[in-house]
1. To the nearest 20 Debye, how big is the dipole of segment 5-110 about its Cα centre, given +1 on the beta carbon of each Lys and Arg and -1 on that of each Asp and Glu?
2. Run the Debye formula on the Cα coordinates of the chain, all scatterers equal and no solvent, and tell me log10 I(q)/I(0) at q = 0.12 1/Å.
3. 222 nm [θ] for the chain, helices only, -39500 (n - 2.57) per DSSP H run of 4+, per residue, to 500?
4. Evaluate the distance, in nm, between pseudo-label points positioned 7 Å from the Cα of Arg6 and of Asn51 along their respective Cα→Cβ axes.
5. Could you order peptides 28-38, 197-207, 173-183 by the average number of other Cβ atoms within 10 Å of their residues, highest first?
6. Working out 0.36 nm times the residue gap between Asn17 and Asn125, then minus their Cα-Cα distance, what length gain in nm do you get to one decimal?
7. Helix 159-178 versus the longest principal axis of the chain: what is the Cα-based angle in degrees, 0 to 90, to the nearest 10?
8. Which three extents, in whole angstrom, do the alpha-carbon atoms of segment 118-259 cover along their principal axes, largest first?
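Just so you know, all these numbers are worked out from the coordinates, no wet-lab data involved. Keep in mind it's a predicted model, so treat the numbers as computed, not measured. As a convention, Cβ positions derive from the backbone with ideal geometry for all residues, glycine included, and neighbour counts pool all protein chains shown.
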Amino acid sequence: MPITDRTRKILWGRSGNRCAICKNEIVIDATDQDDESVVADECHIISSRPNGPRHDPSCPADKIDSAENLILLCRTHHKMVDDQTTTFTVDILHQMKANHEVWVSQKLKKEKKYKPVKLRRVKQNIPDVLSRLTTGKEILDLVANSMAYAFDHDELKSQEEVDLVGGFLQLAQDWGELSDILEAGDRVQTAYELTASLQELEKAGFFVFGGREVQYLEGGIHDHATSWPIAILRVLRQSNESIMHVNLGNIAGRNSGQTS
């Protein structure tokens, strides 16, 4: 009876892709030009052939191709154990097989298990209110060096509004992602362009509010939490009832507000 697929899976799984003697990997990685190379054999401890290594006529036929009678060896050690049958007896090979499978199991259990990667929010880092942004510099300072973006807007009523609001938010995100490579002069020019976009939004009846929330990235290969700043932008209609107007009469020439 030939070796079944199930038996092969058991043998290779318990052997951990390693030769039971030298512990070397027995599947060599593919190259740019060639496929993987398998440099191992599924070796019989007791041969079914009368003149084969360690043949035992009393061994039941249905046990010959069982997982218990197979050991995974690199081709060098396969030839060695079949040439040196006096040294590598049935009992010795059974013991080597058992020792190797225990070794594989223990190695896998010792492998460090990483926690799932996740973002953790911290209550005190969640903004209570979002401040109204009136200059491009404020927008650029907010989105610069952010790891993620939380953008939202009121329901839009025309394609013109879609183009206006969508273009502004995309511009803010693009400059946020490029902020770490902007030279001083580029930052000035970018802030100017963002101010122009803000003014267009205000003429169309929108205000922009923003804030920053620092979350923490945890898990994976790192044993410590990594700060994960998120830029928050909200484009709201000037008539939106969630906007809380604040009297800033002591600041001449400037209107402001907040949104919860």
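1. Details: 15 positive and 17 negative charges, 111 e Å.
Roughly 540 debye for segment 5-110.
2. Listed by q, the Debye log ratios stand at -0.79.
3. Numbers: 7 runs with 93 residues, N = 260.
Estimated from H runs of four or more residues: -11500 deg cm²/dmol.
4. 3.5
5. Values: 28-38: 8.8, 197-207: 16.5, 173-183: 14.0.
Per-residue mean Cβ counts within 10 Å order the peptides as 197-207, 173-183, 28-38.
6. Value of the extension gain: 34.1 nm.
7. Around 60 degrees separate the two axes.
8. Taking max minus min along each principal axis of the Cα atoms, segment 118-259 gives 49, 36, 34 Å.
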